[in-house]
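Here's the structure we're looking at; comments come further down.
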Amino acid sequence: MPATRKPLDGLAMSLMLMLCLCWGLQQVAIKVAAPSISPILQNGLRSAVAAVLVSGLMWWRGSKFSLTDGTFWPGLATGLLFAGEFLCVSIGLNYTTASHMSVFVYTAPIFTVLGLHWLVPGERFGVTQWLGVIAAFAGITVAFAGGFEAGAGFSRMLIGDALGVLAAVFWAATTIMIKRSVLTNASPSMTLWYQLVIAALSLPLVALVSGQTEVAPLTGIMWVSLVFQSLIVAFGSFLAWFWMLRRYLASRLTVFSFLTPLFGVSFGVLLLGDPIGLPFVFGALLVLSGIVLVNWQRG
């Protein structure tokens, strides 16, 4: 019998804060390496490296892989959704900024909590939690409303932004699929392994077909970016994420990730020179308020 998922405690909140920092830097890392290697190929290569590391971890732990334990088809489905998410991110970054992509990808909690509320027992929200979702979403809207001004490249940016929203839908669907299938009781490494392997096989193929496999020039920032994406993001952070999905209420975890776009834009300011204003500060306060409300324990 699977253990009951619980609200976030101090450990979960600390881990989620670290994950949000990593994920906030992720879009910037992809963008700065794009002149040397296409975003699609970056995501494919980092998935391949992380898949090897996860395979090694499973072998070291003595984990057994089976095609008859019921995880294959759900694993294949989540792998395709995972690959679809990062394909949308990769293509979208060719049209929009890293800050914009951070905003739209991390609308995923909106789609996730709605799906979990109606589809997964034990993931029900009360009035306080729904107020938290509304506050967090309003915070995202306020924080970035001042930056979405139409200009000469507005139509191109709109394409990238739309792909960011589609990536968010894929991410939400991945979380819901895990919660609704036997993967909810599978080991975090097995759940992640399926997704990384599918992405490692499919994304380089897409890069090859679309003529985006050229790598040049080989720069130091490119190597730093790939190491960060492979070891920290695709291996470490995703493994921690799936570990927490088995122990904590997924709806609480996903709403906490509203912090990620705030970190993403902050890194954009520090590393790419993106400007921020008062709306960003006010929006950040709304987001933090929303996270507190969503994690408020009802008596």
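Under a cut-off of 25 Å between alpha-carbon atoms, report the lysines in cross-link reach of Lys6, not counting same-chain residues fewer than 8 places apart.
Lys179
Just want the ordering: Cys20, Cys88, from fewest to most Cβ atoms lying within 10 Å of their own Cβ. Provide the component values of the computation, followed by the final result.
On the way: Cys20 21, Cys88 24.
Lowest count first: Cys20, Cys88.
Using the basic label-point model (7 angstrom from Cα toward the beta carbon), what is the Leu205 to Lys64 distance in nanometres?
According to this spin-label approximation, the distance is 3.0 nm.
How big is the dipole moment of the chain about its Cα centre under a simple scheme where the beta carbon of each Lys and Arg is +1, that of each Asp and Glu is -1, and everything else is neutral? Debye, nearest 20, please.
Roughly 800 debye for the chain.
By counting other Cβ atoms within 10 Å of each Cβ, how are Ser90, Ser14, Ser189, Ser47 ranked from fewest to most?
By the 10 Å Cβ count, ascending, the order reads Ser14, Ser189, Ser90, Ser47.
Among Leu166, Gly10, Gly273, flag the residue with its Cα farthest along the positive direction of the charge dipole of the chain, charges on Cβ as +1 for Lys/Arg and -1 for Asp/Glu.
Gly10
Counting other beta carbons within 10 Å of each Cβ, put Glu214, Glu85 in order, fewest first.
Glu214, Glu85
Would you mind checking which residues have amide H under 5 Å from Tyr248's amide H? H placed 1.01 Å from N; only 5 or more apart, or other chain.
When sequence neighbours closer than 5 places are left aside, the close amide H contacts are Lys6.
Find, to one decimal place in angstroms, the Kirkwood hydrodynamic radius of the range 10-294, where the mean of 1/r is taken over every pair of different Cα atoms and then inverted.
Computed over Cα pairs of the range 10-294, the Kirkwood hydrodynamic radius comes out at 19.1 Å.
A short reminder: the numbers here are calculations on the coordinates, not readings from a lab. From a predicted model like this one, the values you see are computed outputs, not experimental measurements. Note that we place each Cβ from the backbone using ideal geometry, even for glycine, and neighbour counts take in every protein chain shown.
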